[in-house]
Structures are given as structure tokens and as C-alpha cells.
Amino acid sequence: MENTSKAKRTGGFPGKKLMAAMMSLLLCAALVPAGALADASEAWADEPTANQPAAGDAGSASSGDQSGSDGSSSDSPSADQPTTPAGSGTTEKPNFPHLPGVGNFNPNDIPGLSDFINGLRPGGGTDTTPGSGSSPSQSVEDQIAAVLANEVYALYYRNGTTDTYTVVLQRGSQADPALGAPVETQTGFVCNEMVPTAHCVCRAWKSSLDSKVTALVVKDVIAPHITSYWFANMTACTSMDLAKLDMAQVTDMSGMFSGCASMAELDLSTFNLAKTPKMDNLFPSRSTVLTTIKVPAKGSFANVLPAPNPWYLQGATGKWVNQFGDVFATTAIPANTAATYTAQRGYSIDNGYIEQAKYEYTYTGSAIKPQYAIHVAGHTLKAGTDYTLSYRKNKAIGMATLVATGKGNYSGQLTCTFRINPQNVKSVALKSGKKSLTVKWKKRSGQSKLLTGYEVRVSTDKAASKVKVYRVVKKAASSSVTIKNLKAKKTYYITMRTYKKIGSRYYFSTWSKPRAVKTK
């Protein structure tokens, strides 16, 4: 009779989908910490009441040996019927609500399922919310739906032919064809606002492949309450996409990245940490490679970010630099301020050098800013990020200075000089004479005020390797000069330039192009 009765109750089971849901619930029951369900203050299904002897107790009746006068079984009522214990004043056990479409399915038919569902009720298994009298709490169907909605799958995909893996956290178990077939699939239930903490686990997935995971992606929105030590075993992971991880309800994220010793960059900018969760040991205590981290607008990271240690991070000063170049000790990271922090390096640009495209420039009347590159310890620094620039005397004729001041990861100051020379004359005209020649030039506007004088070079060859006469004109107002005592009917090549004397130093323009003239 017993077997026939159970067959009848299960005959209306709607299909594989609901069976899978029930098996998922059994898996969740297996993940519940030991003793958590045993703490329930009362049970609905198979436990005896105060006036009912437990099965196997002395004096108890065998459920299959008693029959009524009409020949029907006198078994105790099934779990989907109300049971009234013997004795006055005993409260009737509540009916177990049917799941949608389940029909005659009895949760007692699957060992442990009734206790698990009972344990989901707030307060440890009562049918009412504590302190609310007899007002019914959330229905079991809704609680089961909440549990199933928070089921998380971790799919482990191999990266090509290597022995490394990418983990995708998602709601369902459907594999992504673009990533191939997962090598392993882990599943479980994580804590969120719909599931009491006693009946969920902080991390539902765990695999022997965790230490070989190099990338992790949260594919679907997951909203847990606890994320402590979620990625603690992913020691080789270098990339995490956490944009869809909803942290708004998280109260404890202790050690969440404590094992991520290979993570150089981490983006937490999408997190909402308004509940100020626990963050003990959030990162590796010795930050070996973590150099950049984006923190969100909600959350406090003072005393949470690890102090960059020079023993593990070359050149580290123990401080962090934000995107504006402001430097902070780990104890002084501003709360509730979105920022990108970079580990400050103790490099001084004093030990580097400035590579200039050229050393001499021609006066233009405007500030001159040379092309250059700054190199320190084999690295080419980035203007605005690693240093700032300033100039001294970079407009007037004379010696100018470029000043680079370290910023962000760099400290110290580096300088270099460059020359600003006068402009040459605008044009040159030649006139031949008897054993002589006259050189005339056209000055530029305002040029006389910028010059000290002129130099004229007379050569017998176009390359000016054989200079015959070298004449200096010491008056800036002059515009011509006559050169005598040359050979008759001889071709000469004339070039000229301007100069400016400042102190004991001379600044020269470039030479004009050679012009040929033949004496009479």
C-alpha cells in the first residue's frame, strides 16, 4: 500500500523542469552549513509532536499494520493533509502549500527537502514572522523562487590549448558557444536579501582549477549580501570584469581579492558600497603587482588599499597617486570619492635626461617650446602624467631653459637649455667695383633693436672653405659695407649673418645663401 500510495502522489509531477528545480533545492540543502537547519524551532513534516511518539519508540504502532473497519489504511495522514496531534491545546500543523502545478507531489517523499524548505522561513521554521502574531509570512513558493533566482553558475572555459582558464559567473548553465564547451561547471546559491544568511553560502563555486584562472567575467547581474573570499584562490587571475556585480546590499566583502596576487589593475568603479561593508584583508597584504585601482563614489577605502611595498613593487613609496597627481597615504584615502589610484613609484627624474630634437632655434617674437623626450630608467615619461613643464626666457634672443618637474610616480626636477638666435637679414644685394664689391642688405622690421652687428664673409669658393675676407660690422643700424683690395676680374662668393652679444656670449643667425659677384 505504501508504495502504491507514493506512486499515485508522484504520478502528477509536471515534468523534468520542476524535478530539476527540486534537485537544485537538494543541492542547496547540501551547501547549508552543518547544523544550520537543525536549529529550526519546529518542523512541519516527519518530526513527532509532543503527543505523538516518534517512529521506533516503545509503544508506537506500525503504520502498515492497522486498518479501519472499512478496510482502509489507518496510516498517519500524509504531509499534504493537516495533522491534529492528540491532546488538548495543541496547535494544528499548517498545511504545506502546493507548488504551482505540482499536484499531489509531497515534499516528504524526498528526504531532507521538507526540512530545508522549513528552514527557509525567517525565524527558523515557523509559519509566521517573529513578533507578528499569526500573520502569514512570505509563501514557500515565493521563497523557493527567491532561492532559485539567486542560483549562480560558474563555467570554467579553457584558454585555447593552455592550462589556464576563464570563469564566467552567470544565472543559468547555458554555455557560450563563442567560448566553447566549459571544462567544468560549478553551481550553488549565494546570499542575497531574499535568502536568510543561515541558508546560503558566501561562495557557491569552488574548483581545483581556481589557481589556474587568468580571467573572470560576471555575465549576469548578481546581487549578493556577502562576497567574502570570493576570489581568494585565483592567484593567477589578471583580469576581472565586475561591472554586473551588484554590491548595493553587501555587508561583508572581507578578503574578496586577498588571493589575487597577479592582479595589476582592478576596476571597482561600478560598485555601490553605501552599506559600508567589512573589508578586512580585501587585497593581498603585500601588493606585489597591484599598481592601479579604480574606486567607486560610494565606499571608504582608507586603511583598505595595501601600501605599495618597494620589496615587491620596484620603486614603490608606500603611497597612492590619484588621476590629478594628488598623493595619499593608505590611511588618508578620501571616502566616497570616485578616483583612479596608481601606486606611487620612488623614481626621481633627476637620474634621467631630456632628449631634444635640436639645440638652436631662431627668434620668432613668440615663446619657443622645443620638441623633446624625457627618459628615466629606460622609460619614456608621459607629459602631464609623469611630469609637468615650465620654461625660462624662451622668447627673447639668448639662452632659454626647459624645466621638467616630476609628477605622479616621479619626483625631482630635470632641466636643459637651448639657444634662441637672431634672425638673419631679409635679403642681400651685391655691386661689383674695380677690385672691390659692395654688399647691401635689407633688414627686417625692428631688427636693429635686436642685433649688435653683422658679419660678411668673402670667399673664393662656393663652400666658403677658402675665406679671403671676414668683415665685422659693429653697428646694428648699418645696411651696407664695401670691401676693397680684391683681385680684378675675380669671382667671389659672399655670405653674411647677424649677431647679438649678451654679456660675454655671442648669438649668431644662420649664414645667408652664397651669392657670386665678379670684380672689375
Looking across region 282-321 at residues that are at pLDDT 90 or above and on the phi > 0 side of the Ramachandran plot, the single one that is surrounded by the most Cβ atoms within 10 Å (Cβ to Cβ) is 299
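Could you please let me know if residue 359 is within 48 Å of the chain's Cα centre (by Cα) and either surrounded by 13 or more Cβ atoms within 10 Å (Cβ to Cβ) or free of Cβ contacts under 8 Å to residues at least 40 places away in the same chain (or both)?
Values: within 48 Å of the chain's Cα centre (by Cα): yes; either surrounded by 13 or more Cβ atoms within 10 Å (Cβ to Cβ) or free of Cβ contacts under 8 Å to residues at least 40 places away in the same chain (or both): no.
Judged against the criteria, residue 359 is not a match.
Condition check ((1) loosely packed, with under 14 Cβ neighbours inside 10 Å; (2) over 28 Å from residue 365 (Cα atoms); (3) touching a residue at least 12 places away in the same chain (Cβ under 8 Å); (4) touching an Asp or Glu at 6+ places or on another chain (Cβ under 7 Å)) across all residues:
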| residue | (1), (2), (3), (4) |
| --- | --- |
| 436 | no, yes, yes, no |
| 443 | no, no, yes, no |
| 472 | yes, no, yes, yes |
| 478 | no, no, yes, no |
| 484 | yes, yes, yes, no |
Restricting attention to region 199-221, the residues that are at pLDDT 90 or above, farther than 15 Å from residue 158 by Cα and part of a strand (DSSP E or B) number exactly 1
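Of the residues 509, 448, which is under 20 Å from residue 396 (Cα atoms), surrounded by 13 or more Cβ atoms within 10 Å (Cβ to Cβ), at pLDDT below 95 and small (Gly, Ala, Ser)? Explain how you work it out, then say what you get.
Numbers: 509 fails: at pLDDT below 95.
Only one candidate passes the filter, namely 448.
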Qualifying residue in region 395-402 (condition: more than 24 Å from residue 380 (Cα to Cα), touching a residue at least 60 places away in the same chain (Cβ under 8 Å), in contact with a strand residue (DSSP E or B) (Cβ under 9 Å, 6 or more places away or on another chain) and in a loop (DSSP other than H, G, I, E, B)): yes
Of the residues in region 457-496, those that are closer than 22 Å to residue 398 by Cα and of a type in the set (A, V, I, L, M) come to 472, 473, 476, 477, 496
Just one listed residue, out of 419, 457, is outside any loop (DSSP other than H, G, I, E, B), within 60 Å of the chain's Cα centre (by Cα) and charged (D, E, K, R), and it is 419
Which condition does residue 324 not pass, out of (1) surrounded by fewer than 15 Cβ atoms within 10 Å (Cβ to Cβ); (2) of a type in the set (Phe, Trp, Tyr); (3) in a strand (DSSP E or B), if it passes all the others? (3)
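Do we find that residue 488 is surrounded by fewer than 18 Cβ atoms within 10 Å (Cβ to Cβ), of a type in the set (A, V, I, L, M) and under 18 Å from residue 433 (Cβ atoms) in this structure? Break it down into steps so the answer makes sense when it comes.
On the way: surrounded by fewer than 18 Cβ atoms within 10 Å (Cβ to Cβ): yes; of a type in the set (A, V, I, L, M): yes; under 18 Å from residue 433 (Cβ atoms): yes.
The answer is yes for residue 488.
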Within region 327-363, residues at pLDDT 95 or above, among the β-branched types (Val, Ile, Thr) and assigned to a strand (DSSP E or B) come out as 340, 362
If only one of 383, 463, 367, 373 is at pLDDT 95 or above and loosely packed, with under 14 Cβ neighbours inside 10 Å, which one is it? 367
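Taking the conditions exactly as written (part of a strand (DSSP E or B) and touching a residue at least 12 places away in the same chain (Cβ under 8 Å)), does residue 366 satisfy them or not? Before you say what the answer is, go through the steps one by one.
Values: part of a strand (DSSP E or B): no; touching a residue at least 12 places away in the same chain (Cβ under 8 Å): yes.
No, not satisfied.
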Would you say residue 281 is among the polar types (S, T, N, Q), more than 18 Å from the chain's Cα centre (by Cα) and under 20 Å from residue 331 (Cα atoms)? yes
Which residue is farthest from residue 446 (Cα to Cα), if the candidates are limited to region 471-491 and must be among the hydroxyl-bearing types (Ser, Thr, Tyr) and not in a loop (DSSP other than H, G, I, E, B)? 491
Does residue 324 fit the bill of being out of contact with any Ser or Thr (no Cβ under 9 Å at 6 or more places or on another chain) and farther than 29 Å from residue 249 by Cβ? yes
Within region 171-198, residues being part of a loop (DSSP other than H, G, I, E, B), touching a strand residue (DSSP E or B) at 6+ places or on another chain (Cβ under 8 Å) and modelled with pLDDT under 60 number 1
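The values are calculated or read from the model by the stated rules, or taken from the named source; none is laboratory data. All of these numbers come straight from a predicted model, not from anything done at the bench. As a convention, Cβ positions derive from the backbone with ideal geometry for all residues, glycine included, and neighbour counts pool all protein chains shown.
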